[in-house]
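K.L.:
I'd like to ask you about the structure that follows.
The values are calculated or read from the model by the stated rules, or taken from the named source; none is laboratory data. This is a predicted model, so every value here is computed, not measured. FYI the Cβ positions are ideal-geometry reconstructions off the backbone, even for glycines, and counts take in every protein chain you see. Only protein heavy atoms, including side chains, enter the accessible area calculation; ligands, DNA and RNA are left aside. Shrake-Rupley method; radii C 1.70, N 1.55, O 1.52, S 1.80 Å.
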Amino acid sequence: MTILTLDTHTFIAAAPKGLRAETTGLTPAEFFDRYCVQSGPVRLTDWAGAGHGSECTATLEFTDHLRSVAAKGSPVAALTSALYDEGYPVEILQFHQRHTSDGTATFVRCEFNGRCGWGAALADDGGESTVRAMISSINRLGARS
């Protein structure tokens with residue numbers, strides 16, 4: 001698993017217009033702390049992916065157990081299904097992904113527990129970036145319903 005060193009200015013510039021407007025006035029550090037939450041009830045503990053459209057495996061950590069999720073192609077459907085099975089019924093409302101000089105930046109606006117909010121991530125691999133952004137959104141929006 002590779003998480004890149006974050007150039008927050010490049011990362012924020014890659015965000016969709018609506019999220020940039022929502023975060024006007026935040027410092028880059030505040031943006032990262034608010035939208036790239038990797039601690040909470042769901043964590044990604046391992047990632048293996050071979051690039052866009054390839055097979056990938058994610059290991060998710062929940063409060064009392066681990067769960068592996070495998071997918072071919074985009075990991076979004078597999079992750080969404082696994083999260084639903086674990087009691088985290090998340091719906092993706094908006095998805096924005098851009099390749100930057102630092103890696104793949106992903107911004108996902110999700111609905112979970114009756115609340116909506118953004119999650120963001122940056123990683124070498126678009127699949128890992130997507131998974132991390134989805135988990136960040138869930139962790140920002142709260143614990144299990």
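K.L.:
Restricted to segment 54-66, and to residues that are in contact with a strand residue (DSSP E or B) (Cβ under 8 Å, 6 or more places away or on another chain) and either open to solvent by 70 Å² or more (accessible area, probe 1.4 Å) or hydroxyl-bearing (Ser, Thr, Tyr) (or both), which residue is modelled with the lowest pLDDT?
P.N.:
SER54
K.L.:
Could you run through segment 3-21 and say how many residues are surrounded by fewer than 16 Cβ atoms within 10 Å (Cβ to Cβ) and at pLDDT 85 or above?
P.N.:
5
K.L.:
If you go through segment 98-125, how many residues are within 11 Å of the chain's Cα centre (by Cα) and open to solvent by 20 Å² or more (accessible area, probe 1.4 Å)?
P.N.:
So the count comes out to 1.
K.L.:
Picking from SER136, SER129, which residue would you name as being in contact (Cβ under 8 Å) with a residue 60 or more places away in the chain, in contact with a strand residue (DSSP E or B) (Cβ under 9 Å, 6 or more places away or on another chain), of a type in the set (S, T, N, Q) and surrounded by 24 or more Cβ atoms within 10 Å (Cβ to Cβ)?
P.N.:
Every option except SER136 fails the conditions.
K.L.:
Out of (1) at positive phi; (2) in contact with a Ser or Thr (Cβ under 8 Å, 6 or more places away or on another chain), what's the single condition that is false for GLY142?
P.N.:
(2)
K.L.:
Taking the condition closer than 16 Å to ALA78 by Cα and open to solvent by 60 Å² or more (accessible area, probe 1.4 Å), does GLU30 pass?
P.N.:
no
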